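Asks: A single structure is presented below for examination.
The values are calculated or read from the model by the stated rules, or taken from the named source; none is laboratory data. Bear in mind that the values here come from a model prediction, so they are computed numbers and not experimental data. Cβ placement follows ideal geometry from the backbone for every residue including glycine, while neighbour counts extend to all protein chains displayed. Just so you know, the surface numbers come from the protein's heavy atoms only, side chains and all, with ligands and any DNA or RNA stripped out. Shrake-Rupley method; radii C 1.70, N 1.55, O 1.52, S 1.80 Å.
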Amino acid sequence: MADPTILSGSSLNTWLECPREWEYSYLWRLKMPPSYKMALGTAAHETIENAMNFRMEEGHYPPLPVWVGWFEEEWAAETVDAKPRNEKPEEQAGPHKDSGVACVTFYATEIAPTIVPYRVEMPIRFTINGWVWTGTLDLLEDTSIDLDGSHVRLRDHKFTAKRPDNPARYRWPMIGYAIGLRQELGIVEDDVQLDYIIRNKKPVHFPVALGGPVTDQDILDLAQEVENAMTGIQRGSFPPLGNKTGACAWCPYRETCPDSNRKRKG
């Protein structure tokens with residue numbers, strides 16, 4: 001994000017969970033080594049993107065060994081500087097890589113065959129309440145009978161260790177994708193779905209769907225959240241809320257943030 005006053009789904013979520021983390025990440029632009037958990041998510045995401053593009057170009061998905069090969073290439077690139085979050089065995093590189101291969105295999109064999117992609121990784125940019133919002137729409141699924149793009153479903157995928165405690169956490173990014181879709185292509189989505197892949201020994205698919213298109217009230221709610229965030233950012237107010245929201249548990253700055261360290265020492 002070249003300009004910290006340009007928001008996205010991930011930056012707004014960061015702000016809501018901990019404005020101090022937002023300050024470190026988007027204002028100071030502090031670079032921290034990724035965790036293996038983050039590397040797994042990025043590598044799996046890139047693998048699915050490759051496979052969806054392959055499906056759009058070739059009319060079918062690649063064989064499973066290609067999926068796994070893509071994941072291993074992305075994993076190697078993403079873990080060059082990665083570090084475990086702690087010394088627990090499950091936080092080390094090996095278990096995460098194995099879990100990533102299992103999740104990609106599950107997605108390739110159980111989920112992908114049901115999806116006909118219409119757009120993949122589509123950039124979006126629009127203005128809401130006078131502020132610029134940007135993002136990348138991960139997957140637009142063609143659900144029309146004739147596969148002509150007349151009916152589409154917005155989809156995104158997340159790889160998590162457990163079922164989400166708060167599926168609404170990704171509400172704002174998905175509303176942003178819907179607004180961007182309507183402005184970029186002039187079509188309204190039939191539904192919005194977030195696909196959680198739970199990283200059990202045997203991965204589990206946990207879809208969370210809106211059940212219809214994003215509503216006018218959803219858009220008004222996002223506009224209000226954007227206004228609230230930008231008011232705080234312009235004031236230079238970045239209170240540390242991670243201990244209350246739980247964000248400290250996965251924050252990349254927890255080792256350097258005095259508020260996170262104070263809580264653990266206490």
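Asks: Can you run phi through the Karplus equation (6.51, -1.76, 1.60; θ = phi - 60°) for the range 179-186 and list ³J(HN,Hα) in whole Hz, with x for Gly and Pro?
Replies: Result, ordered by residue: 4, x, 4, 5, 6, 6, 10, x Hz.
Asks: Please check: in the Gaussian network model of the chain (C-alpha springs, under 10 Å), which one of Pro33, Pro89, Pro123 has the largest mean-square fluctuation.
Replies: Its mean-square fluctuation being the largest, the pick is Pro89.
Asks: Let's see if you can work this out: charge +1 on each Lys and Arg Cβ, -1 on each Asp and Glu Cβ, no other charges. What is the dipole magnitude of the chain about its Cα centre, in debye to the nearest 20? Could the numbers behind the result be given before it?
Replies: Numbers: 29 positive and 38 negative charges, 316 e Å.
Value, rounded to 20: 1520 debye.
Asks: Output the peptides 228-236, 21-29 sorted from most to least packed, where packing is the average of other Cβ atoms within 10 Å over each peptide's residues. Show your work: numbers first, answer last.
Replies: Details: 228-236: 13.4, 21-29: 18.6.
The densest-packed peptide leads the list: 21-29, 228-236.
Asks: Next up: What does the C-alpha gyration tensor say about the overall shape of the range 163-264? Classify as rounded when a/c is under 1.5, otherwise prolate if a/b is larger than b/c, or oblate. Present the calculation step by step, with values, prior to reporting the outcome.
Replies: Details: a/c = 3.00, a/b = 1.29, b/c = 2.32.
In terms of gyration-tensor shape, oblate.
Asks: For labels at Ala93 and Thr5 in the simple 7 Å Cα→Cβ model, what's the distance in nm?
Replies: It is 4.3 nm.
Asks: Compute the Cα gyration tensor for the chain, then decide on rounded, prolate or oblate, letting a ≥ b ≥ c be the square roots of its eigenvalues: rounded whenever a/c is under 1.5, prolate when a/b is larger than b/c in the other cases, and oblate in all that remain. Intermediate results must be reported in sequence, preceding the final value.
Replies: Numbers: a/c = 1.99, a/b = 1.13, b/c = 1.76.
Note, shape of the chain comes out oblate.
Asks: Give the peptides 178-185, 8-15, 56-63, 113-120 in descending order of average Cβ contacts within 10 Å, highest first. Could the numbers behind the result be given before it?
Replies: On the way: 178-185: 18.5, 8-15: 20.4, 56-63: 11.5, 113-120: 16.8.
Final packing ranking: 8-15, 178-185, 113-120, 56-63.
Asks: 5 Å is the cut-off here: which amide hydrogens, built 1.01 Å from N in the peptide plane, fall below it relative to Phe159, excluding neighbours closer than 5 in sequence?
Replies: Ile197
Asks: Under a 1.4 Å probe, what is the accessible area of the range 184-266 per residue, stated in Å²?
Replies: On the way: 4700 Å² over 83 residues.
Per-residue accessible area for the range 184-266 comes out at 57 Å².
Asks: Which of rounded, prolate or oblate describes the range 23-177 when judged by the alpha-carbon gyration tensor and an a/c cut-off of 1.5? Please list the in-between numbers first.
Replies: Numbers: a/c = 1.97, a/b = 1.15, b/c = 1.71.
Oblate shape, in that a/c is at least 1.5 and b/c is the bigger or equal ratio.
Asks: Check Val132: other-chain or 5+ apart residues with amide H under 5 Å from its amide H, H built from backbone geometry?
Replies: Distant-sequence amide H within range of Val132: Leu7.
Asks: About the Cα centre of the range 1-122, what is the dipole size in debye to 20, counting +1 per Lys and Arg Cβ and -1 per Asp and Glu Cβ, all else neutral?
Replies: 260 debye
Asks: Report, to the nearest whole %, how much of the accessible area of the chain belongs to carbon and sulfur atoms, 1.4 Å probe, protein only. Don't skip to the answer; put the middle values down first.
Replies: Working: 6890 of 13370 Å².
About 52 percent, which is the carbon plus sulfur part of the accessible surface.
Asks: Each residue of the range 64-79 in order: what ³J(HN,Hα) in whole Hz does its phi give by Karplus 6.51 cos²θ - 1.76 cosθ + 1.60, θ = phi - 60°, with x for Gly and Pro?
Replies: 3, x, 5, 4, 5, x, 4, 4, 5, 5, 5, 4, 4, 5, 7, 9
Asks: Give me the net charge of Trp172's neighbourhood, meaning all other residues with Cβ under 15 Å from the Cβ of Trp172; Lys, Arg count +1, Asp, Glu -1.
Replies: Residues near Trp172 contribute -4 overall.
Asks: While we're looking at this one, here's another question. Would you mind calculating the relative contact order of the chain from Cα pairs under 8 angstrom and at least 6 residues apart, reporting the percent as a whole number? If you can, show how the numbers build up before the last one.
Replies: Numbers: 397 pairs, mean separation 58.4, N = 266.
Relative contact order here is 22 percent.
Asks: Now for a separate question. For a quick check: with amide H placed at 1.01 Å from N, whose amide H comes under 5 Å from Asp191's, ignoring anything fewer than 5 positions away on the same chain?
Replies: So Asp191 has HN proximity to Leu154.
Asks: Would you work out which of Gln92, Thr143, Leu210 lies farthest towards the positive end of the dipole of the chain? Charges go on Cβ: Lys and Arg +1, Asp and Glu -1.
Replies: After comparing all options, I get Gln92.
Asks: Next question, about the same structure. So if we plug the beta-carbon distance of Ser150 and Ala249 into 1/(1 + (r/R0)^6) with R0 = 45 Å, what FRET efficiency do we get, rounded to 0.05? Intermediate results must be reported in sequence, preceding the final value.
Replies: Working: r = 43 Å, r/R0 = 0.96.
Efficiency, rounded to the nearest 0.05: 0.55.
Asks: I've got another one for you. Along the range 213-221, what does the Karplus equation 6.51 cos²θ - 1.76 cosθ + 1.60 (θ = phi - 60°) give for ³J(HN,Hα), rounded to whole Hz, x for Gly and Pro?
Replies: For the range 213-221, the Karplus curve yields x, 4, 8, 4, 5, 4, 5, 5, 5 Hz.
Asks: Take Asn166 and Lys201, extend 7 Å from each Cα along the Cα→Cβ direction, and tell me the distance between the two endpoints in nm.
Replies: Using points 7 Å along Cα→Cβ, the separation is 3.2 nm.
Asks: Averaged per residue, what accessible surface does the range 53-164 expose to a 1.4 Å probe, in Å²?
Replies: Numbers: 5830 Å² over 112 residues.
Computed with neighbouring chains in place, this is 52 Å² per residue.
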